[in-house]
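Below: the structure, in structure tokens.
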Amino acid sequence: MSDDASFLWVQDDDLAEDVLRRPRTRVEGLPAEAGIWIFVLGDMTIFGLFFSVFAWEGRQDRGLFAVSTAGLLQPAGVLNTLVLLLSSYAVVLALHAQRHDEAQRVRRCLALALGCAVAFAAVKAFEYHHAIDHGHGLTSSIFDTFYFVMTGVHLLHVLIGAVLLLVWRRRAAADDPWPARRGLAEAAAVYWHMVDLLWIIIFTLLYLVFAA
């Protein structure tokens, strides 16, 4: 083998080792790191199992599910849907502002999103109070069990998402360059959009499907 060929071979080995050492947590063109997407897909798979069992049980006893659906506060469910849609829009604006180092705008947009999270929790607490006052509890019926479990677990997701948004907001004005803040901002945004999407599905199943 010639010296030139040997030189090229060594360079190729070095390049291969460099490629192997590179972190592979980010997928090109995809916001946030791969880990958050794995978590989101796993979380949605678990919810998907809940949704499938709920639909199956509803087909077995349409009468009970129709009566139970009629007892829900549909205006409250619609209001919470609009609230979360507004919050997701605010998060989109916050992420755009963060990418352009507009810290004050980021903080304002995230303040709106956090306000929406508080409003969502308040409306849901009112719904729980209304349901319990009318004799509906966790074990009152199979529908009530699904209602309290699905909305309760989702509410926990809202609270976790609010914590992520709060941390993001506090770090929005940091002097770190965008790449250093990208992981937190994009992960929080992806998680919050998942929370919004899950609620839209939950709202459709609980409030609309068996109301017809």
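The values are calculated or read from the model by the stated rules, or taken from the named source; none is laboratory data. Just so it is clear, the structure is predicted and the values come from calculations on it, not from any experiment. Virtual Cβ from ideal backbone geometry, glycine too; neighbours counted across all protein chains shown. Note: accessible area is taken over every heavy atom of the protein model, side chains too, but ligands, DNA and RNA are not part of it. Shrake-Rupley method; radii C 1.70, N 1.55, O 1.52, S 1.80 Å.
May I ask you to evaluate 6.51 cos²θ - 1.76 cosθ + 1.60, the Karplus curve with θ = phi - 60°, for each residue of the range 137-144 and list the ³J(HN,Hα) values in order in whole Hz, giving x for glycine and proline?
Values per residue, Gly and Pro as x: x, 4, 10, 5, 7, 5, 5, 4 Hz.
Is there a quick way to get the dipole size of the range 72-212? I mean about its Cα centre, with the Cβ of Lys and Arg at +1 and of Asp and Glu at -1; what is the value in debye to the nearest 20?
That gives a dipole near 440 debye.
Step through the residues of the range 121-136 one at a time and calculate ³J(HN,Hα) from phi using the Karplus curve (6.51 cos²θ - 1.76 cosθ + 1.60, θ = phi - 60°), rounding each to whole Hz and writing x for Gly and Pro.
5, 5, 5, 5, 4, 5, 4, 4, 4, 5, 5, 5, 4, 9, x, 9
Tabulate in residue order the Karplus-calculated ³J(HN,Hα) for the range 43-54, using 6.51 cos²θ - 1.76 cosθ + 1.60 with θ = phi - 60°, rounded to whole Hz; enter x for Gly and Pro.
Working through the residues one at a time gives 5, 5, 5, 4, 4, x, 5, 4, 4, 5, 5, 4 Hz.
Highest first, please rank the peptides 143-153, 35-45 by the mean number of other Cβ atoms sitting within 10 Å of their residues.
143-153, 35-45
Label the range 111-212 by shape, choosing from rounded, prolate and oblate, from the square roots a ≥ b ≥ c of the eigenvalues of the Cα gyration tensor; if a/c is under 1.5 it is rounded, and otherwise prolate applies when a/b is larger than b/c, oblate when it is not.
Because a/c hits 1.5 or more and a/b exceeds b/c, the range 111-212 counts as prolate.
Mind ranking Leu198, Leu114 by accessible surface for me, highest first, 1.4 Å probe?
Output order, biggest surface exposure first: Leu114, Leu198.
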